[in-house]
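A short write-up of the structure that comes next.
The values are calculated or read from the model by the stated rules, or taken from the named source; none is laboratory data. Bear in mind that the values here come from a model prediction, so they are computed numbers and not experimental data. In this analysis, Cβ positions are derived from the backbone assuming ideal geometry, glycine residues included, and neighbour counts consider all displayed protein chains.
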Amino acid sequence: SLSQAHTLSCAVFLSVHSLYQDKNIIYKLVILRLIASHYQVYCGLTSQGQLIAVKQVILDSSDADAANKEYSRLQGEVELLKTLRHINIVGFLGTSLQQHVVSIFMEYIPGGSIASIIHRFGPLPERVLALYTQQILEGVAYLHMNRVIHRDLKGNNVMLMPTGVIKLIDFGCARRLSYMHHTTCNSVDLLKSVHGTPYWMAPETFVFSLQIINETGYGRKSDIWSVGCTVFEMATGKPPLAHMDKMAKQKSTV
């Protein structure tokens, strides 16, 4: 049956129990974010009358290697999300897998992204900027205390509740550091793969020389740089070095 199929697929997907399986979502109300041709975020209405965000990723059934790689990446994202509980981190509700479509159910954040707020209202007043920055830093501090580096902090990945509460989203690039000390960054607390969006990336993570990245690595400080760039974005309406169009075309993931 459909119910049994969902139970089995959820068990395969990290044994994460889904509070909202596809059969309980009455319809997809609207596409909230179109990230790529195989990756969309919807607003879903559950049978209990609750609005939730549904991130859906279509696995390429024609390319087993690519599908397995993407599935492993999603497993890592879910593994992180299900351990995070903080007012400034998007809430995780569950997952399902049906016919090559992975669904990740999350808290619905109706206010939109900070980038969209800036687009509509312009650069933020100093008082508002300070309120948002404090919450962003509280969310990042929680992540770092739990040895998680977000690696893609920017206006598009900072969401706003109508009450003014900030939520960090999109943990597709996030990674958990090797465990040694919770509050220090040492030789094992480093990542050596390159992820992010160029305008918001710290210099040590940018792909000017992959050899440098492989030799030195980077840690929590890269997120703090990205927070600074996001503050600049909120204050001016644009990220730092926005006039450098060629930077945006640099390959941002290796």
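When segment 136-154 is examined, which residues are found to be surrounded by fewer than 19 Cβ atoms within 10 Å (Cβ to Cβ), assigned to a helix (DSSP H, G or I) and not hydrophobic (A, V, I, L, M, F, W, C)?
Matches in segment 136-154: Glu138, Tyr142.
Name every residue in segment 44-78 that is of a type in the set (Gly, Ala, Ser) and in contact (Cβ under 8 Å) with a residue 40 or more places away in the chain, in order of residue number.
Selection gives Gly44, Ala53, Gly76.
State yes or no: is Ser209 modelled with pLDDT under 95, out of contact with any Lys or Arg (no Cβ under 6 Å at 6 or more places or on another chain) and in the same structural domain as Ile52 (by TED's automatic domain parsing)?
The answer is no for Ser209.
Can you name the residue in segment 52-84 that is in a strand (DSSP E or B) and in contact with a Gly (Cβ under 7 Å, 6 or more places away or on another chain) and, of all such residues, is nearest to Arg176 (Cα to Cα)?
Across segment 52-84, the extreme among qualifying residues is Val54.
Filter segment 119-133 for residues that are outside any helix (DSSP H, G or I) and touching a residue at least 24 places away in the same chain (Cβ under 8 Å); which is surrounded by the fewest Cβ atoms within 10 Å (Cβ to Cβ)?
Among residues in segment 119-133 that are outside any helix (DSSP H, G or I) and touching a residue at least 24 places away in the same chain (Cβ under 8 Å), the one surrounded by the fewest Cβ atoms within 10 Å (Cβ to Cβ) is Gly122.
Take Gln75 and tell me if it is surrounded by fewer than 17 Cβ atoms within 10 Å (Cβ to Cβ), within 15 Å of the chain's Cα centre (by Cα) and modelled with pLDDT under 95.
The answer is yes for Gln75.
Take Ile136 and decide whether it is touching a residue at least 40 places away in the same chain (Cβ under 8 Å) and closer than 30 Å to Ala235 by Cα.
Criteria met by Ile136.
I need the full set of residues from segment 91-111 which are under 24 Å from Lys238 (Cα atoms) and crowded, with 16+ Cβ neighbours inside 10 Å, in order please.
Within segment 91-111, Ile109, Gly111 qualify.
Quickly run through segment 33-50 and pick out the residues that are surrounded by 13 or more Cβ atoms within 10 Å (Cβ to Cβ) and either modelled with pLDDT of 80 or more or within 14 Å of Glu107 (Cα to Cα) (or both).
Hits for segment 33-50 are Gln40, Val41, Tyr42, Cys43, Gly44, Leu45, Thr46, Gln50.
Pick out the one residue from Asp65, Asp170 that is among the charged types (D, E, K, R) and not assigned by TED's automatic domain parsing to the domain that holds Ile52.
Residue meeting the stated conditions: Asp170.
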